[in-house]
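Enquirer: A single structure is presented below for examination.
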Amino acid sequence: MSMNTFGHLFRVTTWGESHGPALGATVDGCPPGVAVDEAMLQHWLDKRKPGQNKFTTQRKEPDQVRILSGVFEGRTTGTSIQLMIENTDQRSKDYGDIAEKFRPGHADITYWQKYGIRDHRGGGRSSARETAARVAAGGIARAALAALVPDLTITGYMVQMGPRQIDRARFDWAEIARNPFWTPDAQAAADWAEYLDTLRKDGNSVGAVIEVTVAGAPAGLGAPIYGKLDTDLAAAMMSINAVKGVEIGEGMAAAALTGVDNADEILPGNDLANDGPIYTSNHAGGILGGISTGQDIVVRFAVKPTSSILTTRRTITKSGEPAEIITKGRHDPCVGIRAVPVGEAMAACVILDHLLLDRGQTGGARGVIG
């Protein structure tokens with residue numbers, strides 16, 4: 001039974017470990033004729049790669065992606081695409097002290113309880129290093145979406161670090177690429193820099209909330225009950241290492257609203273045939289009944305604090321003896337920073353998958369309004 005694959009028609013299988021020779025992804029189901037090259041994929045991997053600033057792990061990995069199959073003369077062939085990223089800066093000796101101990105908050109203990117064997121060097125498959133393969137696969141999905149839905153955009157950004165949230169009155173799309181936190185609030189970025197620097201120097205870590213907006217997705221993606229678009233988006237985001245919660249649209253906050261407040265009113269708009277109806281709000285996050293409305297699709301996910309910290313914690317050994325542990329090595333004080341491009345990549349894979357599913361079931365036919 002394989003648990004390393006996701007997707008229905010656009011399927012991604014990731015492989016490799018944090019401290020193995022390489023990691024990567026096998027992408028199946030990409031339409032033929034899509035323009036793809038390594039430089040296109042590298043653009044997205046460079047957003048995620050470690051060691052870019054003092055707020056991320058200082059592991060120096062170029063994350064150079066290689067396309068081994070499925071692309072000929074710069075275009076996809078319709079066959080499986082093999083992507084590989086070599087590991088070049090492993091320091092497995094940093095993990096020698098924890099070979100017999102379980103790190104609190106980490107997957108060490110559950111991997112051991114399930115399999116009776118674990119790769120203690122950086123956590124193996126449970127390491128966030130695995131997400132580099134997802135970002136590479138997401139680059140393939142983005143290229144296919146650019147060909148099929150040219151106006152579609154996918155943008156991720158951080159909206160909260162620890163207890164500190166952005167002020168949405170200061171939301172600036174252009175600001176996202178100008179700071180190390182991928183946040184649309186310049187003032188929040190300055191505040192977070194000071195806050196995270198203090199935590200980093202103390203050997204501590206903090207969690208974050210990431211939001212991903214998909215603009216320009218057509219209405220009609222997704223299917224009722226078990227094929228819901230939001231079901232697959234939630235599963236995709238929840239599968240990212242360290243994610244502990246996912247929301248669509250208003251999310252948990254919808255429980256505090258009345259029906260009057262929550263219902264997104266619908267207006268006819270100026271050109272129903274080409275632009276569709278107009279909604280007065282977007283509490284639903286662009287999805288109703290599991291099917292996209294044509295509005296922005298908005299998904300948020302919460303990332304827990306990095307479990308590998310330099311503060312002494314109590315734990316046990318594999319033999320069940322009490323122990324104390326300090327996790328040495330190079331770790332992100334806020335792993336949510338590098339989760340932003342990962343969330344974008346997962347959204348791209350899910351949206352493309354549902355676009356292909358919709359073409360297969362309906363051929364793109366739509367109910368007419370007006």
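The values are calculated or read from the model by the stated rules, or taken from the named source; none is laboratory data. This structure is a prediction, so every number in the text was calculated from the model and none was measured. All Cβ positions, glycine included, derive from the backbone under ideal geometry; neighbour counts span all protein chains shown. These area figures cover heavy atoms from the full protein model, side chains too; ligands, DNA and RNA do not enter into them. Shrake-Rupley method; radii C 1.70, N 1.55, O 1.52, S 1.80 Å.
Enquirer: Hey, can you tell me all the residues within the stretch 108-155 that are in contact with a Phe, Trp or Tyr (Cβ under 9 Å, 6 or more places away or on another chain), acidic (D, E) and open to solvent by 60 Å² or more (accessible area, probe 1.4 Å)?
Expert: none
Enquirer: Moving to a separate point now. Taking the residues in the stretch 283-317 that are within 26 Å of G162 (Cβ to Cβ), of a type in the set (S, T, N, Q) and in contact (Cβ under 8 Å) with a residue 40 or more places away in the chain as candidates, determine which candidate is surrounded by the most Cβ atoms within 10 Å (Cβ to Cβ).
Expert: For the stretch 283-317, the residue satisfying everything is S308.
Enquirer: Which one of G222, G227 is touching a Leu at 6+ places or on another chain (Cβ under 8 Å) and surrounded by fewer than 18 Cβ atoms within 10 Å (Cβ to Cβ)?
Expert: Answer to the selection: G227.
Enquirer: Report yes if A254 is open to solvent by 50 Å² or more (accessible area, probe 1.4 Å), of a type in the set (G, A, S) and free of Cβ contacts under 8 Å to residues at least 40 places away in the same chain, otherwise no.
Expert: No; evaluated as a whole, the condition is false for this residue.
Enquirer: Does N274 satisfy being under 19 Å from D151 (Cα atoms) and of a type outside the set (K, R)?
Expert: It is true that N274 is under 19 Å from D151 (Cα atoms) and of a type outside the set (K, R).
Enquirer: Name the residues in the stretch 119-174 that are part of a loop (DSSP other than H, G, I, E, B) and either of a type in the set (S, T, Y) or within 15 Å of the chain's Cα centre (by Cα) (or both), would you?
Expert: Once the filter is applied, which keeps residues that are part of a loop (DSSP other than H, G, I, E, B) and either of a type in the set (S, T, Y) or within 15 Å of the chain's Cα centre (by Cα) (or both), the stretch 119-174 yields only S127.
Enquirer: Of the residues G320, G360, which single one is surrounded by fewer than 21 Cβ atoms within 10 Å (Cβ to Cβ) and assigned to a loop (DSSP other than H, G, I, E, B)?
Expert: G320
Enquirer: Only residues that are surrounded by 10 or more Cβ atoms within 10 Å (Cβ to Cβ), at pLDDT 95 or above and either in a helix (DSSP H, G or I) or touching a helix residue (DSSP H, G or I) at 6+ places or on another chain (Cβ under 9 Å) (or both): list them for the stretch 257-275, please.
Expert: Once the filter is applied, which keeps residues that are surrounded by 10 or more Cβ atoms within 10 Å (Cβ to Cβ), at pLDDT 95 or above and either in a helix (DSSP H, G or I) or touching a helix residue (DSSP H, G or I) at 6+ places or on another chain (Cβ under 9 Å) (or both), the stretch 257-275 yields D261, N262.
Enquirer: Restricting to the stretch 186-219, and then to whatever is touching a residue at least 24 places away in the same chain (Cβ under 8 Å) and among the charged types (D, E, K, R), can you tell me which residue is least open to solvent (accessible area, probe 1.4 Å)?
Expert: The residue in question is E211.
Enquirer: Given G370, G343, G259, which one is out of contact with any Leu (no Cβ under 7 Å at 6 or more places or on another chain), farther than 30 Å from K49 by Cα and not hydrophobic (A, V, I, L, M, F, W, C)?
Expert: That would be G259, the only listed residue that is out of contact with any Leu (no Cβ under 7 Å at 6 or more places or on another chain), farther than 30 Å from K49 by Cα and not hydrophobic (A, V, I, L, M, F, W, C).
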